[in-house]
Amino acid sequence: MRIIVQKYGGKSIGTIPDIKKVAKSIVKRHKSGEGLVVVVSAMADSTDKLLKSAYMVASKPRERELDMLLTAGERISMALLSMAIWENGACAISFTGSQSGIITDYNHTRARIVEIRANRIIEELQKNRIVIVAGFQGVSGNREITTLGRGGSDTTAVALTCALGAERCEIYKDVEGVFTIDPKKYDNAKHLDEINYEVLFDMTYFGAMVVHSRAVEVARRHDVPMLLTSGIEKGKETMVNSKTFEGSKFVSVSSKERVLWITIRMKEYVFHSILKELDVLRTDLRNPSVNIENDEVKFTFWLLPDLKDDIKTIKEKFPNAEITVEELGIVAANGFAIAGRTENIEMIINRLRDKGIHFRYIGTTNRSIFVLLPREEVSAAESNLHTLLIKA
């Protein structure tokens, strides 16, 4: 049987009419002979509403109970979509993450998938049923419900594609695949028909919302073909593969309007203790840098804003460390082999200075040159770098 894994984002199934529309599309595909496993997110804004409710009843909700609460959003989506598919004349069955055999580690709110025991999904596919899976969730070895963190539904879909040996993973969002810049904000965004895993990972790492960076990394590691397109309007699509480019090539510009820039100054022996604590917290450190001089350590990195409580914990446990937290924005130029050429870095610096755009820090990865700068400068920097670097 030819198996396809589809994933629908919250905006694609944000309303009852949207769910009905998606159900019709799924049934049409199923009638063509494909075995379909459909991963769903919570309906648009559902997770935010549940989180708001949690913080209305508790100043610091227990992580276990947060997982119990937040997984309800995806369960609602999967049940409604399954009902809509039945209404359209096809057979469907909905599964939670645990019913799907998605086994995670023991961490609440930021769990990682350990293995997938997909026997039950396979059994239902053999009965010619469409299987609907609640994304973003699983069950730990001690039978606790866990969640995979924001963007976890994308990771669920890619992991299921691997486990089932499916032909490919199709991810449906509210945009038509990948663009050189956010098409919702800029009219001159250019569509990309194809992109390689490595560049897409950096795009998503630095703010592109088309798919979650964790999902891209899993797909790259297991060479999972991915198709990214719109679940709202049929049109353009982007294929993700392992194709690379010759020479230095800019592909896109991405951004985050708010990140936390952390600077910690401390003695070297304290530094090692802080690293251990950050590991226990599973803090996702972004682009860390360490400078050690005369037993004094300067440790810098950036974080997503929802991890601010991790830094609060570090401050409480290590009162002698000097910790500075700044709210900044980040803009990244992404491409293949761009960071290894000094003229590219110089070109970006000169452009920002010529346009009067102030920046705090410039760093690189293998596929990106990124700039930390005041939040009010993000839009101007993103637009100017796109005009400069991305060619038709």
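The values are calculated or read from the model by the stated rules, or taken from the named source; none is laboratory data. The model shown is predicted, which means the values in this text are computed figures rather than measured ones. All Cβ positions, glycine included, derive from the backbone under ideal geometry; neighbour counts span all protein chains shown.
Out of region 129-148, which residues are out of contact with any strand residue (DSSP E or B) (no Cβ under 8 Å at 6 or more places or on another chain) and in contact (Cβ under 8 Å) with a residue 60 or more places away in the chain?
Scanning region 129-148 gives a single hit, Glu144.
Of the numbered conditions (1) in contact with a helix residue (DSSP H, G or I) (Cβ under 9 Å, 6 or more places away or on another chain); (2) free of Cβ contacts under 8 Å to residues at least 12 places away in the same chain, Asn350 fails exactly one; give the number of that condition.
It fails just one condition, (1).
Quick check on my filter: what residues within region 52-74 are farther than 17 Å from Ala111 by Cβ and surrounded by 13 or more Cβ atoms within 10 Å (Cβ to Cβ)?
Ala54
Mind checking which residues of region 165-216 are closer than 17 Å to Met239 by Cα, assigned to a loop (DSSP other than H, G, I, E, B) and among the small types (Gly, Ala, Ser)?
Ala166, Gly177, Ala208
Assess whether Gly335 counts as being in contact with a helix residue (DSSP H, G or I) (Cβ under 9 Å, 6 or more places away or on another chain), surrounded by 12 or more Cβ atoms within 10 Å (Cβ to Cβ) and at pLDDT below 95.
Yes, satisfied.
Among the residues of region 295-311, is there at least one that is assigned to a helix (DSSP H, G or I), basic (Lys, Arg) and surrounded by 12 or more Cβ atoms within 10 Å (Cβ to Cβ)?
Yes, region 295-311 contains a residue that is assigned to a helix (DSSP H, G or I), basic (Lys, Arg) and surrounded by 12 or more Cβ atoms within 10 Å (Cβ to Cβ).
Restricting attention to region 354-367, does a residue exist that is under 21 Å from Ala189 (Cβ atoms), surrounded by 14 or more Cβ atoms within 10 Å (Cβ to Cβ) and touching a Leu at 6+ places or on another chain (Cβ under 8 Å)?
Looking through region 354-367, at least one residue is under 21 Å from Ala189 (Cβ atoms), surrounded by 14 or more Cβ atoms within 10 Å (Cβ to Cβ) and touching a Leu at 6+ places or on another chain (Cβ under 8 Å).
Just give me the residues in region 259-269 being surrounded by 14 or more Cβ atoms within 10 Å (Cβ to Cβ) and either among the charged types (D, E, K, R) or modelled with pLDDT under 95 (or both), in sequence order.
Arg265
Restricted to region 232-258, and to residues that are at pLDDT below 80 and of a type in the set (Ser, Thr, Tyr), which residue is nearest to Ile323 (Cα to Cα)?
Only one residue tops the list, namely Ser248.
Please work out if Lys11 is in contact (Cβ under 8 Å) with a residue 60 or more places away in the chain, under 23 Å from Asp174 (Cβ atoms) and part of a loop (DSSP other than H, G, I, E, B).
Yes.
Find the residue count for region 117-147, including only residues that are surrounded by fewer than 24 Cβ atoms within 10 Å (Cβ to Cβ), in a strand (DSSP E or B) and not polar (S, T, N, Q).
Qualifying residue count, region 117-147: 2.
Of Thr180, Thr238, Thr204, Thr155, which residue is in the same structural domain as Val40 (by TED's automatic domain parsing), of a type in the set (Ser, Thr, Tyr) and in contact with a His (Cβ under 8 Å, 6 or more places away or on another chain)?
Thr155
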